[in-house]
Amino acid sequence: MQTGSSGGFKLGINGFGRIGKLTLWHHVARKYFSEIIINIGRTVGTSLEDIAHYTERDSTYGSLHGFLYGQASEPLIEDLDEQNGTMNIDGVKVRFLRAARNPAELNWEKQGVKLVVDTTGNFLDPTLPPDYPKGSLRGHLEAGAEKIIVSAPFKFKKQGMPMPDDVVTSVMGINDNVYDPRRHIIISNASCTTTCLAHMIKPLLNAFGPKKILSASMATVHAATGSQQVLDRLPKTGAVDLRKNRSIMNNIILTTTGAANALRLVIPEMKDIGFIAESVRVPISTGSLIILVLNLQEELSGEPISREMLNTVYREAASDDPKGYLNYTDKQNVSGDIIGIPRAAAIIEGHVTHTRTAELTIDLEKVPGLEKDTLGSLKDVLVRIPITQAVIYGWYDNEKGSYVNILGDRTVSVAEDM
């Protein structure tokens, strides 16, 4: 991890929810940026003391000072200035803005901010103009920022809109090299699930090639997020998914994920592979799991695709990963074991990798486009193809350990090119 001051470079963070708060923790620890300006967009509690209270404590990860220096350390927030909205956190100046929510009204230029990380989850459409009434990503540019990083996949309000030329989606360690600092202004860091999934899929594509992967599906068993309800409540006007309003404390909740669409943006080879992605929310605060199921075509002659072969692919890929984003383990884990592991985009649990090989029988008479003369020349119209089904498990800390730390790497890499 690169640490140390960037020589006066200031970072803006829009939003102070789960990802915004933990992003602050990350950069206070990293100390790359000389000052961090956070837009909350509203008053909080009764004073700046209440913001400091929220910043210092976390129900999932403990205290900020414990995270930085161990539980024997003392609180690190000091020099609170209510009038200017500033405080000092372990030597890093942090300023809080509490007036405006529309990005176009944030006046980043006055704050000296050129790079903004938008963690609100509210501004995800890069096609909307800066003056869009409800606010937009390009409003940050109007306010004086030069680059915006989004902590979520893009979502277009109008279906079928082309991706603007100055926009890119990247996952660190997978396609971060597609970012062109001369061209790209708005960068999506994808999602925690897409980040894990990409690091699970990429080693297999490198080992077997896309043509050998006949189909794939995944289900993420995902921790709760801030968008879910603590107790049951009435749906909002026009809501179509009634499950989102049910208590996450008491239920396993089926939901959707955009991981499949985002994956095709960061790994273009996936466009030619049939892929399905599903999501299930469970009542834990963080620590999620992807169950990846693949159908692989076997060679007619050669070593069958086995559990050990797949685990070897992951062991070697993890060993060769220069940034350590891919991890491999033969240990038996539960979700709590992987919380906080730094930069672990995916932790492959090789102990539970499974494979099963069987023959798929295809009746050529039922294959469209084959002429009768061709079929008549064959001794047998039944073709048997060996297929291996593989099940692979990948853990990820969907908050600080995996996603926020990798988002921090993306942020510093963009800053270095500015």
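The values are calculated or read from the model by the stated rules, or taken from the named source; none is laboratory data. Small disclaimer: the values here were computed from a predicted structure and weren't measured. Here the Cβ is made from the backbone with ideal geometry for all residues, glycine too, and neighbour counts use every protein chain on show.
Residue-level check: of (1) farther than 30 Å from GLY112 by Cβ; (2) touching a Ser or Thr at 6+ places or on another chain (Cβ under 7 Å), THR194 misses just (2). Counting the residues of region 6-16 that are at pLDDT below 95 and surrounded by 13 or more Cβ atoms within 10 Å (Cβ to Cβ) gives 2.
Being hydroxyl-bearing (Ser, Thr, Tyr), over 14 Å from GLY15 (Cα atoms) and either assigned by TED's automatic domain parsing to the domain that holds GLY160 or assigned to a strand (DSSP E or B) (or both) is a condition met by no residue of region 103-121.
Residue by residue, here is whether (1) assigned to a loop (DSSP other than H, G, I, E, B); (2) under 21 Å from the mean Cα position of the chain (by Cα); (3) touching a residue at least 12 places away in the same chain (Cβ under 8 Å); (4) over 17 Å from ALA100 (Cα atoms) holds:
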residue	(1), (2), (3), (4)
LEU11	no, yes, yes, yes
PHE16	yes, yes, yes, no
LEU24	no, yes, yes, yes
GLY45	yes, no, no, no
ILE51	no, no, yes, no
GLY66	no, no, no, yes
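Among the conditions (1) buried (at least 20 other Cβ atoms within 10 Å of the Cβ); (2) touching a Phe, Trp or Tyr at 6+ places or on another chain (Cβ under 9 Å); (3) in the same structural domain as GLY20 (by TED's automatic domain parsing); (4) touching a residue at least 40 places away in the same chain (Cβ under 8 Å), the only one that GLY139 does not satisfy is (4). When region 88-109 is filtered for residues that are surrounded by 18 or more Cβ atoms within 10 Å (Cβ to Cβ) and touching an Asp or Glu at 6+ places or on another chain (Cβ under 6 Å), only ALA104 remains. For region 336-361, the set of residues classified as in a strand (DSSP E or B), aliphatic (A, V, I, L, M) and at pLDDT below 95 consists of ALA358, LEU360, listed by residue number.
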